[in-house]
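Working notes for the structure below.
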Amino acid sequence: MLRAAPPSLRLYWGPGTCSFVAHFALERLRRELGVAYDDTRIVLAQREHFAPEFLAVNPRHQVPTLMIGTTPLTQLAAILHYLDHTFPEAQLFPPPGPMRWQALSTFLWLNTTVHPSHTRLFRPERFGGEAGAASVAEIARTTFAAALGEIETLCAGAPHFLHGDRPDAVDAYVFVILHWAGLRGFDLQQFPATVALVERFRATEAGGAIVEKEGLALS
Ligand SMILES: N[C@@H](CCC(=O)N[C@@H](CS)C(=O)NCC(=O)O)C(=O)O
């Protein structure tokens, strides 16, 4: 049976943001399965996410946003679910079984817990106003540091990548979170297993291509 051609795909992404994970997934689909995608770079530091053209795509002014045909899909977890469901052979998550359930659990923890704790550290004034920003940042630094410790334990127990010898969406998320840790002044030498894993990730074709395209370096 012929499979219907998937609709056109366009990713709106911001350099060094969580959209890195979707960007990696699409690049892998392009390289391994020949899936075409277009992309639009949105620089948050230049407030391009508030430009009328992007607000028309995503009124919540957030990347990643994946335009599937003429329909925008937001939320990283939903975008990864769509890509994984549409192109299961790419194995953006491990195949069905206990390892997949654990990978989804880790992915959702990174997305719903670790990522927001970093947002509080990066932009504390949004959560505490001017008066409360310092205490929001202090609490967030502690929470984010604890999460980095947990990620280090996961990486130390990993075979090569977190779920085998191929990187998946969770490894990509770990890359960008470690990148944020460096930007927020954490000494990355505290996390040698995580650094080793993200270096292996960077050495892969799709991983390395997106790190380079987004202009990221671990500080
Ligand atoms: N829950 C959303 C979070 C997305 C998110 O926080 N995106 C950030 C970049 S990492 C962003 O676009 N921030 C700009 C803004 O919120 O105005 C998801 O998982 O997609």
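The values are calculated or read from the model by the stated rules, or taken from the named source; none is laboratory data. Fair warning: this is a prediction, and the values are worked out from it, not measured in the lab. Cβ atoms come from the backbone with ideal geometry, glycine included; neighbour counts cover every protein chain shown.
Data table
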item	result
Flag if residue 206 is assigned by TED's automatic domain parsing to the domain that holds residue 109, crowded, with 24+ Cβ neighbours inside 10 Å and of a type in the set (A, V, I, L, M)	no
Of the criteria (1) polar (S, T, N, Q); (2) out of contact with any Asp or Glu (no Cβ under 6 Å at 6 or more places or on another chain); (3) farther than 24 Å from residue 42 by Cα, which one residue 194 fails	(2)
Pairs with Cβ under 6 Å, 6+ apart, first in the range 56-70 and closer than 21 Å to residue 24 by Cβ, second more than 9 Å from the ligand (Cβ to nearest atom) and of a type in the set (Val, Ile, Thr)	65/57
Residues that are part of a helix (DSSP H, G or I) and either in contact with a strand residue (DSSP E or B) (Cβ under 9 Å, 6 or more places away or on another chain) or among the basic types (Lys, Arg) (or both), drawn from the range 100-127	100, 120, 126
Residue list for the range 155-214, restricted to those being under 22 Å from residue 99 (Cα atoms), acidic (Asp, Glu) and part of a loop (DSSP other than H, G, I, E, B)	165, 168
Hey, residue 206 within 15 Å of the chain's Cα centre (by Cα), under 30 Å from residue 124 (Cβ atoms) and among the aliphatic types (A, V, I, L, M) or not	no
Positions within the range 132-146 being surrounded by 15 or more Cβ atoms within 10 Å (Cβ to Cβ), out of contact with any His (no Cβ under 8 Å at 6 or more places or on another chain) and aliphatic (A, V, I, L, M), in sequence order	133, 136, 137, 139, 145
Subset of the range 89-129 [of a type in the set (Asp, Glu) and either away from the ligand (no atom under 16 Å from the Cβ) or under 13 Å from the mean Cα position of the chain (by Cα) (or both)]	89
Out of 41, 60, sole residue that is of a type in the set (Lys, Arg), under 23 Å from residue 116 (Cα atoms) and near the ligand (Cβ under 9 Å from one of its atoms)	60
Flag if residue 119 is within 21 Å of residue 170 (Cα to Cα) and either out of contact with any Pro (no Cβ under 6 Å at 6 or more places or on another chain) or buried (at least 18 other Cβ atoms within 10 Å of the Cβ) (or both)	yes
Only listed residue being farther than 24 Å from residue 189 by Cβ, within 13 Å of the ligand (Cβ to nearest atom) and not hydrophobic (A, V, I, L, M, F, W, C), chosen from 86, 70, 74	74
Answer from 27, 125, 32 - the residue that is in contact (Cβ under 8 Å) with a residue 60 or more places away in the chain and either crowded, with 18+ Cβ neighbours inside 10 Å or assigned by TED's automatic domain parsing to the domain that holds residue 140 (or both)	27
